[in-house]
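The values are calculated or read from the model by the stated rules, or taken from the named source; none is laboratory data. Bear in mind the structure is a predicted one, so any value in this text is a computation, not a measurement. A quick note on method: Cβ atoms are made from the backbone with ideal geometry, for glycine too, and the neighbour counts reach across all protein chains shown. For the accessible areas, the whole protein counts, side chains as well, though only heavy atoms, and no ligand, DNA or RNA atoms are used. Shrake-Rupley method; radii C 1.70, N 1.55, O 1.52, S 1.80 Å.
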Amino acid sequence: MEDCLFCKIIRGEIPSTKVYEDNEILAFKDINPAAPIHILVIPKKHITSLAYLKKEDEILVGKIYSAINQIAEEQGVKEKGYRVIVNCGKDGGQEVMHLHFHLLAGKQFGEKIV
Ligand code: 5GP
Ligand code: ZN
């Protein structure tokens, strides 16, 4: 059993405000939102980061993007737009070492990094 913050959220050992769940994916509100809508979308399977994806995870990542789009539609931001961010590793600013996709919306993002 993984001693990992997000695995504990998946197991219900740490409470979260869930917005989407299926057999493979969980999405919940970020505890420290950086935008009016800030949702974390994660695989239930523990994957440390984007850098540790395996070939067998390719389909799962596609499903995560489909879940993100469904959540965005449910949150009413499909047309206005949103930003999806994955921090990877130390230089990428990743703090929780369980792969997660930040879905950010509800404001216009001025800062263009890329
Ligand atoms: P990272 O910096 O690793 O890309 O993002 C980790 C995110 O997890 C941060 O945005 C942080 O606010 C969020 N976070 C950390 N601990 C918790 C928690 O216990 N519950 C929830 N819902 N979010 C958390
Ligand atoms: Zn984990």
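What the table shows:
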{"item": "Lone qualifier among L26, L60 - being open to solvent by less than 40 Å² (accessible area, probe 1.4 Å) and in contact with an Asp or Glu (Cβ under 8 Å, 6 or more places away or on another chain)", "result": "L60"}
{"item": "Qualifying residues in region 78-105 (those that are farther than 15 Å from D30 by Cα, in contact with a helix residue (DSSP H, G or I) (Cβ under 9 Å, 6 or more places away or on another chain) and open to solvent by less than 60 Å² (accessible area, probe 1.4 Å)) - the one farthest from ligand 2 (Cβ to nearest atom)", "result": "G81"}
{"item": "Of the criteria (1) within 16 Å of ligand 1 (Cβ to nearest atom); (2) surrounded by 12 or more Cβ atoms within 10 Å (Cβ to Cβ); (3) polar (S, T, N, Q), which one T17 fails", "result": "(2)"}
{"item": "Selection from region 2-33 of residues that are part of a loop (DSSP other than H, G, I, E, B), more than 10 Å from ligand 2 (Cβ to nearest atom) and of a type outside the set (D, E)", "result": "G12, I14, P15, S16, T17, N23, I31, N32, P33"}
{"item": "Region 82-96 residues that are touching a residue at least 40 places away in the same chain (Cβ under 8 Å), paired with ones that are loosely packed, with under 15 Cβ neighbours inside 10 Å and small (G, A, S) (beta carbon under 8 Å, 6 or more apart)", "result": "G89/A51"}
{"item": "Among (1) in contact (Cβ under 8 Å) with a residue 24 or more places away in the chain; (2) in a loop (DSSP other than H, G, I, E, B); (3) open to solvent by 60 Å² or more (accessible area, probe 1.4 Å); (4) within 15 Å of ligand 2 (Cβ to nearest atom) - the single one A51 does not satisfy", "result": "(2)"}
{"item": "N69 vs. criteria of a type in the set (S, T, N, Q), part of a loop (DSSP other than H, G, I, E, B) and open to solvent by 70 Å² or more (accessible area, probe 1.4 Å)", "result": "no"}
